[in-house]
1. Checking the condition among the aromatic types (Phe, Trp, Tyr) and either exposed (fewer than 14 other Cβ atoms within 10 Å of the Cβ) or without any contact (Cβ under 8 Å) to a residue 12 or more places away in the chain (or both), which residue from TYR22, TYR47, TYR27 passes?
2. Any idea which of GLY52, GLY14 is in contact (Cβ under 8 Å) with a residue 40 or more places away in the chain, surrounded by 12 or more Cβ atoms within 10 Å (Cβ to Cβ) and either polar (S, T, N, Q) or part of a helix (DSSP H, G or I) (or both)?
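Read-outs throughout are calculated quantities, based only on the coordinates presented, and are distinct from any laboratory measurement. These figures come from a predicted structure and were not determined experimentally. A quick note on method: Cβ atoms are made from the backbone with ideal geometry, for glycine too, and the neighbour counts reach across all protein chains shown.
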Amino acid sequence: MRLIKKRKFEIIGGLPGIIGGYLYWKYVGCISGTCPIQANWYSMIPYGLVLGILVGGLFKPKKKE
């Protein structure tokens with residue numbers, strides 16, 4: 001439970017990342033199928049997740065010492 005509280009901004013950022021990765025594959029992705037990353041939804045969703053986690057971590061408040 002402590003891990004979830006500690007990483008809540010990353011988790012919150014990861015959810016839109018998953019959705020964004022899927023939508024990017026669906027509407028923008030590689031039509032010809034020759035692009036190794038964008039051709040499949042199962043390879044595009046983790047990239048969206050990682051990007052969402054990184055962006056979510058930017059909004060994390062700094063600790064006061």
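1. Only one candidate passes the filter, namely TYR27.
2. GLY14
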